[in-house]
Amino acid sequence: MNDVASTPISSRLVQLVSQLAPNEGMNSGPLPGIKFVRVSAPSVRRPVMYEPSIVVLVQGRKRGYVGERSFSYDANQFLVLALPLPFEAETEASAAEPLLGVSIPIDLQMTAEVAMALDEANVPIASAPQGIVAAPLDQKMSGALQRFLEACASPVEARLLGPGIIREIIYHVLTSRLGGALRSALTHHSQFGKIGKALRRIHADFNQPIDVTQLADEAGMSVAAFHASFKAVTMTSPIQYLKTTRLHKARLLMAQNGLSAAAASGRVGYESSSQFSREFKRFFGRTPVEEARQMRSILGQPEAVEPVASYVTFQ
């Protein structure tokens, strides 16, 4: 595998992302869901939850922790998050060498179409499914990424050429050693796919009471088997996952939409704002007000100009 971090194309990637992420924190791209990030200071290990996405860092390094497993990714690797999973992450960055990256949301319909075409062509999709996994950024992937970033510099090119290049990137992911993770997330009869469907249901109805028995029935599993499969995929229980999702979404509502803690707690399904505040501080280590202030500085905007995504997103 070539060391793309030392090739001229890598320098071009840094230049492009630096231009597309002029502001500290999250920068919206020209297509829905595309985010460019710039972080100029290190961050300690904190709870995060990303949407299903392909994340490429062109500079800097992050370390993630899922249960007892840890992983690192930097300019030599790209990260695939097949499912919206809670984990913890810390960032290595500085003002002299900020972390720069791009997040591309995974379009399940597009991914299914590419996977079906690969099936028809008898192209094997290997590897065991994992919710979060990193792989080397080879020249094909970095080349497609460079074309995408160059298209993003022009609104017209982004609109006309961007979706096709994203499809190519999905193709490269599916035919890489990470392909099994995405493929399994689409396969509803697999354990991984069934839990993925349950996670999507939780994110769609997070502010409603969640009946674990009903989720198990929809997955075609007994409650015991569903609990075991859910924990094997997410490293947590369905109820704890729901609580984590609600807290992350409340944090975004406060940071992006300017909601108070009481309003955000009600919006995400809490009946008691005092219970919400206690659980929020226990989880994030800060009060809702303190965390919302910190999030606004990280996101790079005082309030959102677009609604909170259907999945929690935090870089």
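Find, to one decimal place in angstroms, the Kirkwood hydrodynamic radius of region 240-299, where the mean of 1/r is taken over every pair of different Cα atoms and then inverted.
Details: mean 1/r = 0.0910 Å⁻¹.
One decimal place: 11.0 Å for the Kirkwood radius.
Could you give me D for the chain, from Stokes-Einstein at 10 °C and 1.306 mPa s, where the hydrodynamic radius is the Kirkwood radius over C-alpha pairs? Units µm² s⁻¹, please. D, rounded to a whole number, is 79 µm²/s.
Output the Kirkwood hydrodynamic radius of region 187-238, Cα pairs only, in Å rounded to one decimal. Please list the in-between numbers first.
Values: mean 1/r = 0.0927 Å⁻¹.
For region 187-238, the Kirkwood estimate is 10.8 Å.
Checking the cross-link pairs Lys140/Lys197; Lys62/Lys231; Lys140/Lys249; Lys140/Lys194 against a 29 Å limit on the alpha carbon distance flags Lys140/Lys197; Lys140/Lys249; Lys140/Lys194 as lying beyond it.
A straight chain from Ile239 to Met110 at 0.36 nm per residue would run longer than the Cα-Cα distance by 43.4 nm.
Highest mean packing first, where packing is the average number of other Cβ atoms within 10 Å per residue, the peptides 71-78, 274-281, 155-162, 255-262 line up as 71-78, 255-262, 274-281, 155-162.
Scanning residues 5 or more positions from Val48 or on other chains, those with amide H under 5 Å from its amide H are Phe87, Glu88, Ala89, with H placed 1.01 Å from N in the peptide plane. Compute the label zone of Asn23 within region 227-270: residues whose backbone N is under 18 Å from the point 7 Å along Cα-to-Cβ. Once the point is set 7 Å along Cα→Cβ of Asn23, 252-259 turn out to lie under 18 Å by backbone N, inside region 227-270.
Residues whose amide H comes within less than 5 Å of that of Leu137, counting only those at least five positions distant or on another chain, are Gln77, Phe78 (H built at 1.01 Å from N in the peptide plane).
Ordered by the number of other Cβ atoms lying within 10 Å of each residue's own Cβ, fewest first, Ile202, Ile195, Ile239, Ile54 fall into the sequence Ile239, Ile202, Ile54, Ile195.
Coordinate-derived values only; no laboratory data. Note that this is a predicted model, so its numbers are computed, not measured. Note that we place each Cβ from the backbone using ideal geometry, even for glycine, and neighbour counts take in every protein chain shown.
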